[in-house]
Amino acid sequence: MAFLIRMTRPIFFFVLLCTQVTLFGQTGITIRGRVQDGQTDAPISGATLTVTGTSLATSTNESGSFSLQNVPRGATLTISYIGYETSTLVIQDDYIEVLLQPNTSSLEDVVVIGYGSVKRRDVTTAISSVSLDDLNERPIVSAGQAIQGRAAGVSVIQPNGAPGGETSIRIRGTTSFNANNDPLYVVDGVPVDNLNFLSPNDIADMQILKDASSAAIYGSRAANGVVLITTKQGKAGDAKIAFNMQATQNKVISKLESLNAAQYKELQDEIGVVHLPEGLPDRTNWFDETFTDGLMQNYQLSIADGTDRLRYFLSGGYLNESGIIESSFYRRYNFRGNIENNVRDWLKINANIAYSDDNRNGINTGNGANRGGVVLAVINTPTYAEVWDPYNPSHYNTNFYGVNITSPLENIARTKNNKGRENRIIASGSATVTFSPALNFRTMLSLDRRNGLTTTFLDPISTSWGRTQYGQASDSRNMNTVLTFDNVLNYNKQYGKHGVDVMAGTSWTASDYRNSWINGSHFRNDLIETLNVANRISWTETGSGASQWAIMSLFGRISYNFDGKYLLTANLRGDGSSKLHPDYRWGTFPSVSAGWRLSAENFLADVAWLNDLKIRGGWGQTGNQSGLNDYAYLQMYRINRVAWFVTGQENALPTINQANLRTRDLRWETTTQANVGVDFTGFSNRLTINLDYYHKRTKDMLMFAQVPTGAAEVGSIMRNEGIMTNRGLELNVSSKNLVNDVRWSTDFNISFNRNKLVDLELQKIYSAARTSDFISEDVVRNEPGRPLGGFFGYISDGVDPETGELMYRDINGDGRISSSDRTYIGDPNPDFIFGLTNNISYKGFHLSVFLQGSYGNDVFNASRIETEGMYDGKNQSVRVLERWRVPGQQTVVPKAGFDLKNSSYFVEDGSYLRVKNISLSYDVNSARLGNLGIRKLQPFISVSNVLTVTKYTGFDPEVNQWGNNGAVQGIDWGTYPQNRAFVAGLNLEF
């Protein structure tokens, strides 16, 4: 009997499963119909029709018609389209005509949140939506550039103008000292560390989770905020072929002039370092030789279509950007495929795959002219010099009368063959099982694999350094594979006036990283750049490595909504990281938020001009571990090879020595944030205001603290070392100024943030950012009680008219100038940042004007130390023509050979107002186009970085040579300059 039970049990379950499938797959009627504009009767193409409680869905075609099969009679049909009120009706007949009314409110828009979505009117947290309206008309390379100036509380700077569009993004200030300050990016549910692989044209929606109550659901990876990106999907009955083409010309915005040969000789006679002959002519304009007009081509093609069962979106693109400095470039190929299939009414399958291949060249910036820096060499190279050595035409000229200078073209040649390439594939597959209209389960497995290749080659002929080394080359490769497995159960049910949304899930992430490297030298010539022709392969700089890490997570969320008035959400996430000691591995990150929609109350029902008014607040905690290496809590060792080719050491084994000081009690870096906000919509939904105040406190910051070396060979230790706070105010205002034939809308945002390093336990002062070799002092100091990144040096009180020396203030009053007189001389943190966008449309014409800026931030112009320091034989900028020369002269420029120090003399106001972009497009509307199957024909032109109003004297105030560094900001030291872009393009849809 027991045997029969065991044998029949599988059969029983199989029959039960078939019964369930049959129930889910019950036949119904086929409905057809048309969807039109309720005011103009014009057909609406692309409207979405969904049968409530099932996965049945379709979209209208170009004539507004639709067809949907197997629909149960009496079911509820939901019809929606962007810009229109959502309509619902009960299906009784097999032909339906639907009139959608235009919707001037965004309150019904669905906002993507962590592991779910919610209507904007029900949001209780600080979330910013990024407008993508003019994305196709701007010369945007990376998705990060699309955020700049478009979201309150989000600072986006482009630290330099190099091809590739590198950006530094901060959400509500700098949160961490040593750890990463980038937000977490989640693309179609897959967490990624950057957006270089993503074509901005593929983005359908972008939301930014700014406070802890919204981001805590991502736990240990969300301390710096979260950027949620949804890519485009196909729609049922909406076949579309879209093509976007851009041609861009980039020009350097400003020009710095250097001394001519005669002026240079006069200056050197005063300094006395180099003695030049009389009558040297001007032979080379180094600015014109170095800078050029950059070009960018961008082509993006996409195909989308679908039925009520199967929908797909395919896209591919090619981008090629050459920089404004010779030999700099960035190229990217991208492909994306998104497929969605309703296999059964109760089962939906999604598959997304994205592939990118990018290649770039690195130009040496942020260094002096004698250390390979290209930008500073443009000023520092005397104009009397020729490009090539007249006696050795294959060698760059090095005859500078004994001065240690390399020309900008030689510095370019030193890195022109250095290339970085990465191909990346991100693939994910998910299945959503709908048990009932209220309950569903989603499981997703994703793969993120990156293969990187960095090669360098310095030929042994053209440059002096190359000849010294007999040529050099290297080859470095790495592969990183990240697997993520998510399982999420959602329950959403309305009980009368009570709405309940419950979510619970797990997430597992594992990373495997492997790399190898090899270096060689002594090349015969410059004909072959690979290491197989190097005569000497380095035995100390060749090897391979590997490391792994993993995170296991449990999370949940409960949301409660009473009658659309009172809203409450609570999140909890637990993360366990392999990077931390087992005793401290798990961190718990809770959050709670609440909202009160006053506009839904009876006492405001008679206020006709009020559409929505909500007060909300939240509190939560998030974590950070990005500053840790993969085996942070373990004792690590360095491997030292022993020369086996020395007599007597043929069988020698490698030695080891201590690589770190072990920290067994490392804990999570934790950020606690509180937020209160007000959302207002009024005057027939034509004015929307969002106001937020927040306070963030980061404790147990992961930092390297210096310790006395003693018997150990390591002078620093990773610790949970300090506390930092950020507090600020954000304002966003959106208005529809004109809504008739001429449509004019305005979006404005402004953000105030105050950063403060509150406490450090072991090491009380952190210094960084050493620039000039001549001064050889750090210019940045971080210590408790101050904001991050403060400039530290001497206060300059102008030029002494009698001696021509720069006068430094005696801070301690001891009658002499010494290191004790250094103090804080500047703050790179702005008082506020802002963005303003105006969109105007009239009869097919669309004009967009985008302004953004920053106020109150200082920039330390370290480039001026090299171009105005007058301390050696390098050429200088024309500003030194104003230098002091005779007693009694009143001037702001000191004499040649003055006492040069890091001082306020080099600190400048970095505030700026920039006309970031102006774009103009026209929608060609012709019946002939429709006959040709052309849905949209839109030529456009735009100009980026049109005008910058600033007092800053360098190339551009939006700069930081230290890139994405949290502790060092706002330093200009020969940084790759920004450029002005002129764009012409075409948007075409079939």
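Annotation: amide H of Trp388 within the under-5 Å range of Asn397, sequence separation 5 or more or interchain, hydrogens built in the peptide plane.
Place a point 7 Å from the Cα of Val273 along the Cα-to-Cβ direction; which residues of the stretch 873-887 have their backbone N under 14 Å from it? Flagged as within label range: 873-877. In whole angstrom, note down how far apart the Cα centers of the stretch 117-137 and the stretch 646-667 are. The distance from the Cα centre of the stretch 117-137 to that of the stretch 646-667 comes to 52 Å.
Which chymotrypsin sites (Phe, Trp or Tyr not before Pro) does the stretch 756-832 hold that lie in a coil by DSSP with at most 15 other beta carbons within 10 Å? Don't skip to the answer; put the middle values down first.
On the way: sites: Tyr766, Phe774, Phe791, Phe792, Tyr794, Tyr808, Tyr824, Phe832; in loops: Phe774.
The qualifying sites are Phe774.
The simple Förster model, with R0 at 35 Å and r as the Cβ-Cβ distance, assigns Arg536 and Arg421 a FRET efficiency of 0.85. Scanning residues 5 or more positions from Leu947 or on other chains, those with amide H under 5 Å from its amide H are Val915, with H placed 1.01 Å from N in the peptide plane. Charge dipole of the stretch 826-973 (Cα centre as origin; +1 on each Lys and Arg Cβ, -1 on each Asp and Glu Cβ, all else neutral): 740 debye, rounded to the nearest 20. Computed from phi, the 3J(HN,Hα) profile of the stretch 436-441 under the Karplus parametrisation 6.51, -1.76, 1.60 (θ = phi - 60°) reads 7, x, 9, 10, 8, 10 Hz, with x in place of Gly and Pro.
Find the Cα radius of gyration of the chain, compare it with 2.2 N^0.38 Å by division, and give the number to two decimals.
Details: Rg = 31.6 Å, N = 990, 2.2 N^0.38 = 30.3 Å.
In units of the 2.2 N^0.38 Å rule of thumb, it is 1.04.
Using the Cβ of Ile29 as centre and a radius below 14 Å, the other residues enclosed give a net charge of -1, where K and R count +1 and D and E count -1. Please give the Cα centre distance for the stretch 815-840 versus the stretch 415-447, rounded to the nearest Å. Between the Cα centres of the stretch 815-840 and the stretch 415-447 lies a distance of 41 Å. The angle between the Cα long axis of helix 2-24 and the longest principal axis of the Cα atoms of the chain comes to about 90 degrees, rounded to the nearest 10.
Our coupling estimate for the stretch 358-374, obtained by passing each phi through the Karplus curve with A = 6.51, B = -1.76, C = 1.60 and θ = phi - 60°, is 10, 9, 8, 10, x, 9, 6, 10, x, 9, x, 4, 7, 10, x, x, 7 Hz, Gly and Pro reported as x. Under a model in which nothing but the beta-carbon of Lys, Arg (+1) and Asp, Glu (-1) is charged, the chain shows a dipole of about 2800 debye around its Cα centre.
Taking R0 as 25 Å, what FRET efficiency do you get between Asp288 and Ile941 from their Cβ-Cβ distance, rounded to the nearest 0.05?
Details: r = 27 Å, r/R0 = 1.09.
Using R0 = 25 Å, I get an efficiency of 0.35.
Checking the a/c ratio against 1.5 first, then a/b against b/c, what shape does the Cα gyration tensor give for the stretch 863-927?
Details: a/c = 3.68, a/b = 3.47, b/c = 1.06.
Since a/c reaches 1.5 and a/b is larger than b/c, the shape of the stretch 863-927 is classed as prolate.
Shape summary of the stretch 728-794, radius of gyration then Dmax from alpha carbon positions: 21.9, 66 Å. Couplings 3J(HN,Hα) for the stretch 416-424, derived from phi with the Karplus relation 6.51 cos²θ - 1.76 cosθ + 1.60 (θ = phi - 60°), are 5, 9, 8, 10, x, 10, 9, 10, 9 Hz, where x marks Gly and Pro. Peptides 268-279, 904-915, 547-558, 207-218, ordered by how many other C-beta atoms sit within 10 Å of their residues on average, highest first, read 207-218, 904-915, 547-558, 268-279. Seen against the Cα atoms of the chain and their longest principal axis, helix 261-271 is set at about 70 degrees. The label point for Asp193 and the one for Ile765, both projected 7 Å from the Cα toward the Cβ, are 3.4 nm apart.
Dipole orientation for the stretch 486-564: of the candidates Leu554, Asn515, Tyr495, Tyr495 has the Cα lying most toward the positive pole (charges on Cβ; Lys, Arg +1; Asp, Glu -1). Report the one residue of Phe329, Val859, Ser87 whose Cα lies farthest in the direction of the positive end of the charge dipole of the chain (charges on C-beta: Lys and Arg +1, Asp and Glu -1; origin at the Cα centre). The Cα lying farthest towards the positive end belongs to Ser87.
Ranked from highest to lowest mean number of other Cβ atoms within 10 Å per residue, what is the order of the peptides 619-630, 469-480? Spell out each step's value before the answer.
Numbers: 619-630: 22.2, 469-480: 18.3.
Those peptides, ordered most packed to least, come out 619-630, 469-480.
Quick one: what do you get for the stretch 28-100 if you divide its Cα Rg by 2.2 N^0.38 Å?
Values: Rg = 11.2 Å, N = 73, 2.2 N^0.38 = 11.2 Å.
It is 0.99.
Backbone amide hydrogens, once placed in the peptide plane, bring Met636 within less than 5 Å of Ala659, Asn660, excluding anything fewer than 5 places away on its chain.
Computed from the Cβ-Cβ distance with R0 of 25 Å, the FRET efficiency linking Leu932 to Lys119 stands at 0.05. When the C-alpha to C-alpha distance is required to be over 29 Å, the pairs from Lys232/Lys579; Lys614/Lys916; Lys265/Lys901; Lys916/Lys951; Lys251/Lys895 that qualify are Lys232/Lys579; Lys614/Lys916; Lys251/Lys895. Taken along the Cα-to-beta-carbon direction at a fixed 7 Å, the label points for Asn838 and Leu604 span 3.1 nm. So which lysines pass the test for Lys497, namely a Cα distance under 16 Å, with those fewer than 8 places away in the same chain ruled out? Correct list for Lys497: Lys565.
Going by how many other beta carbons lie within 10 Å of each one, how would you line up Ile825, Ile229, fewest first? If you can, show how the numbers build up before the last one.
Details: Ile825 21, Ile229 25.
Lowest count first: Ile825, Ile229.
For the pair Gln658 and Asn515, label points projected 7 Å from Cα toward Cβ lie 2.5 nm apart.
Using unit Cβ charges (K, R positive; D, E negative) and no other charged atoms, how large, in debye to the nearest 20, is the dipole of the stretch 657-757 about its Cα centre? Mind showing how you got there, number by number?
Numbers: 13 positive and 10 negative charges, 39 e Å.
Here the stretch 657-757 has a charge dipole of around 180 debye.
Bear in mind that the values in this text are calculations on the coordinates, not laboratory data. Keep in mind that what you see is a predicted model, and the values were worked out from it rather than measured. Counting neighbours? That spans all protein chains shown, and the Cβs are built from the backbone with ideal geometry, glycine included.
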